[in-house]
1. So if we plug the beta-carbon distance of residue 52 and residue 164 into 1/(1 + (r/R0)^6) with R0 = 45 Å, what FRET efficiency do we get, rounded to 0.05?
2. Keeping all protein chains in position, work out how much accessible area residue 138 exposes to a 1.4 Å probe, and write it in Å² to the nearest 10.
3. So how exposed is residue 61, as accessible area in Å² (1.4 Å probe, rounded to 10)?
4. If I take R0 = 22 Å and measure r between the Cβ atoms of residue 41 and residue 133 in this structure, what FRET efficiency does the formula 1/(1 + (r/R0)^6) give, to the nearest 0.05?
Amino acid sequence: MSFSDFDAIYEDEQLDELEHFQDQTVAPVQEPIIIRGAGNMTVFGLSNRFNVEFPCGLLSRVAPEEFKATVGRINGVLKKSLPVNVKWLFCGCVCCCCTLGCSLWPVICLSKRTQLTLDKLFEWENNHLYHKLGLHWRLHKQQCDSNSMMEYVILIEFIPKTPIYRPD
């Protein structure tokens, strides 16, 4: 051992890795809240209304009145579009044998239009209110609990907070 090595400072690599890991970790995020359709009619997985009951997981995040207003707007879109979809579905089923299934295309297109309208509504709601509160609403397709059918649900995700006090 030379005399110059005696005064040398060695950094502990494990300590550096721990500090780097702490900088990279993000605060834990809550599980998303799922709101299932509560209507009596479902067309291509989309229910004719969603329940306006305030979920406990949103307590202290959003006002119950604001939640009910948002779900009310969603139900308003569904109330306008789904009865028309059901009429076209009935006509399509009646004429299905004669048209070799082509009579179901209007229902599929109307269903897609309803989904796009709901996506636009969610985008507007997120941009104007919910992103500021750390929430993100979206329409999500998932498998039903009771069978292998797919259904659309409202998924409310929690956006992780960015640490503003951490240096760059």
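1. 0.85
2. 80 Å²
3. Spelled out: residue 61, probe radius 1.4 Å, area about 70 Å².
4. Result of the calculation: an efficiency of 0.10.
The values are calculated or read from the model by the stated rules, or taken from the named source; none is laboratory data. Values in this document were obtained by computation on a predicted structure and should not be read as measured data. Every residue, glycine among them, receives a Cβ derived from its backbone with ideal geometry; neighbour counts consider all protein chains shown. Quick note on the areas: whole protein, heavy atoms, side chains included, nothing else; ligands and nucleic acids left out. Shrake-Rupley method; radii C 1.70, N 1.55, O 1.52, S 1.80 Å.
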